[in-house]
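Readers should treat all values here as calculations from the given coordinates under stated rules, not as data from a laboratory. What you see is a predicted model; the values in this text were computed from it and never measured. We place every Cβ from the backbone using ideal geometry, glycine too, and count neighbours over all the protein chains shown.
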Amino acid sequence: MSHQNPQDWEQRIKDLEAEINGETEPIPVRPFNPNEEAQSVFIKVRKWYQRLATPAKVGVAIIGVVLSLSVLNGILRLVSSLITIGILGVVLYGVYKAFLANKSYK
C-alpha cells in the first residue's frame with residue numbers, strides 16, 4: 001500500500017475548499033410542472049411535424065393512424081377476452097351449482 005504525504009492531503013483539502021467556495025453561481029433549478037412538460041413535448045412534436053415536407057407529413061399521419069388503430073385493436077381484444085372469461089366463469093359456476101352441488105346434498 002502506498003502512503004501519501006500528509007502535506008499532500010492538506011493541500012488537496014485546501015484545493016477542494018477553494019473550488020467549493022469559488023463556485024458562487026448556484027445552479028438554477030426549475031420546479032417540475034407536469035402540465036408544462038406535456039405541453040412542451042406536444043409543442044416540440046407539432047413544430048417538428050410542421051417542418052416536414054408535405055409527402056412526409058402524409059406518411060407520418062398514416063403511420064400514426066395505423067399505430068393508433070393497432071393499439072385500440074389490442075385494447076378492445078383484451079377487454080373482449082376479459083368479458084368472455086367472466087361470462088364463461090359465471091356459466092361454469094351455474095353448472096357447478098345446478099348439477100354437482102345438488103348431488104353432494106343427496
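Considering the dipole of the range 33-92 built from charges on the beta carbon (Lys and Arg +1, Asp and Glu -1) around the Cα centre, which of Ser70, Val41, Thr84 is farthest to its positive end? Looking along the dipole axis, the top candidate is Val41. Footprinting exposure proxy ranking of Thr54, Thr84, fewest other C-beta atoms within 10 angstrom first, gives Thr54, Thr84. On the basis of the beta-carbon distance and an R0 of 25 Å, Ser80 and Phe32 show a calculated FRET efficiency of 0.05. Determine which lysines satisfy two conditions relative to Lys57: a Cα distance under 18 Å, and not lying fewer than 8 residues away in the same chain. Qualifying lysines at Cα under 18 Å: Lys44, Lys47. In a fully extended conformation the segment linking Gln7 and Val45 would gain 8.0 nm over its present Cα-Cα distance, using 0.36 nm per residue.
Residues with beta-carbon under 15 Å from that of Gly64, excluding Gly64: net charge, scoring Lys, Arg +1 and Asp, Glu -1?
Working: positive: Arg46, Lys57; negative: none.
Combined, the nearby Lys, Arg, Asp and Glu give +2.
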